[in-house]
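For reference, the structure discussed in these notes is given below.
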Amino acid sequence: MRITGFTFIKNAVKFDFPIEEAILSIAPLCDEIVVAAGDSSDTTNQLIAGISANLKIFHTIWDETLLNDGAVLADETNKALNKISPDTDWCVYIQGDEVMHEEDIPVIREAMEKYKNDDKVDGLLFNYHHFYGSYDFVGSSSQWYRKEIRVIKNNRSIYSYRDAQGFRKGNNEKLRVKEIDAAIYHYGWVKPPAVMHDKVKNDRLVRHGTTESEIPIVQASDHDFDYGHIDQLKLFRGNHPKTMAKRIQQNNWKFDYDISKNRITLKERIKRWSQKLLGHQIGEYRNYKIIR
């Protein structure tokens, strides 16, 4: 069974993306990792070149005509996906702010072995931990997606969808997936406040073609991001992936949050009730079909 990882990245140093940790986290699972290295204005390309893993790096130029709804992110993902060798059985996708836990590797590999020759299965569905403000808190409201596809079969009809959150195949068909007891650790909202401020502005450019918005960036000052502007968080009770250890130790800002002041609306309470009763949230966006 051959397994290939794939990812894309641009300006990881400038915006403090844990791309090295992301790549190293999937390396034990992969025979090779394809990296689409964008036209960065910082030292990202040098950082990628120095990572101790079996990488297949190629350089890209982001298409500025796709700076709308995050389409450029899917385009870059597809560039990497298309570079994967035809003899690969499974493709492992990781984004620049996501990390896989080493404790989940055996579970993932076991599922790959089990469903490798099952044509009904297109991919594997992961749980998510969305960290916010610090490495001690995760988002707990329904605004955070609970699950997403991060492993797919090497099927040329599969492509990255919309803003690269998930995948589809053929003529806009949802992938058929198996849920597995493994998680992706998402650190996109854990950065020094000044870097977070700049990252949010850059996200607006990538997703909307402009840094302007009717909704201002919540700031503690002209250049800092106010992490206190959030509805619900909960304490993270687990342990982080080992590849994140050094970054977490170097954390140099303070984030405090009183979970007793979580703002839980009636709509949110109904969603929680539906999750407990039905196993899913009413109105939840699911870009996949779960096979039981």
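Throughout, read-outs are computed from the coordinates displayed, never taken from laboratory work. None of these values were measured; they are calculated from a predicted model. Neighbour counts are summed over all protein chains in view; Cβ atoms, including those assigned to glycine, are modelled from backbone coordinates with ideal geometry.
Remarks
- Between the stretch 127-141 and the stretch 1-73, the alpha-carbon center distance in angstrom: 23
- Normalised by the number of residues in the stretch 4-104, the average gap of Cα pairs under 8 Å and 6 or more apart makes the relative contact order 44 percent.
- Sum of side-chain charges, Val121 neighbourhood, beta-carbon under 10 Å (Lys, Arg +1; Asp, Glu -1): +3
- Antiparallel DSSP beta bridges within the chain, as percent of all bridges there, nearest 5: 45
- Shape of the stretch 26-161, Cα gyration tensor, a/c cut at 1.5: rounded
- FRET efficiency estimate (nearest 0.05) - Cβ-Cβ, Asp63 to Met1, R0 30 angstrom: 0.30
- In this calculation the C-beta distance from Lys14 to Lys242 is compared with R0 = 35 Å, giving a FRET efficiency of 0.85.
- On a per residue basis, the convex hull of the C-alpha atoms belonging to the chain measures out at 144 Å³.
- The gain in end-to-end length when the Asp119 to Asn262 segment is fully stretched comes to 47.1 nm, 0.36 nm per residue minus the alpha carbon separation.
- Cα shape, the stretch 1-95, gyration tensor, a/c 1.5 rule: oblate
- Proximal charge balance of Lys246 [Cβ under 15 Å; K/R count +1, D/E count -1]: -2
- Label point at Arg207 placed 7 Å out along Cα→Cβ; residues across the stretch 76-118 whose backbone nitrogen lies under 18 Å: 76-77, 95-98
- Using Cβ point charges alone (K and R +1, D and E -1), the dipole size of the chain about the Cα centre works out to roughly 1120 debye.
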